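The structure appears right after this line, and notes come after that.
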């Protein structure tokens, strides 16, 4: 009998897929290991901008009456515009 664990996904999974990421099982998470080519990724990061999804590495729970105000202060984006379970 074969049992396979359900792989977890970050909030960016659909974007990774849509952008052509080569998705692999990375310690129980479906994550991209590369996109078009490593050289093109390097070039894009050097001349434009790179993003590395680290949301699988941990979670932070912020609760309480001052939670939104705190998150607004420590983030560049408007946190009030996203819903629970979403990423910016």
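Since every read-out is calculated from the coordinates, none of them should be taken as a lab result. Bear in mind that the values here come from a model prediction, so they are computed numbers and not experimental data. Methodologically, a virtual Cβ is constructed for each residue, glycine included, from the backbone with ideal geometry; neighbour enumeration extends over all protein chains shown.
Report yes if some residue within segment 65-76 is in a loop (DSSP other than H, G, I, E, B) and in contact with a helix residue (DSSP H, G or I) (Cβ under 9 Å, 6 or more places away or on another chain); otherwise report no. No, the conditions are met nowhere in segment 65-76. Of all residues in segment 1-43, those being part of a loop (DSSP other than H, G, I, E, B), exposed (fewer than 11 other Cβ atoms within 10 Å of the Cβ) and within 11 Å of the chain's Cα centre (by Cα) number 0. Screening 16, 42 for residues that are out of contact with any strand residue (DSSP E or B) (no Cβ under 9 Å at 6 or more places or on another chain) and free of Cβ contacts under 8 Å to residues at least 40 places away in the same chain leaves exactly one candidate, 42.
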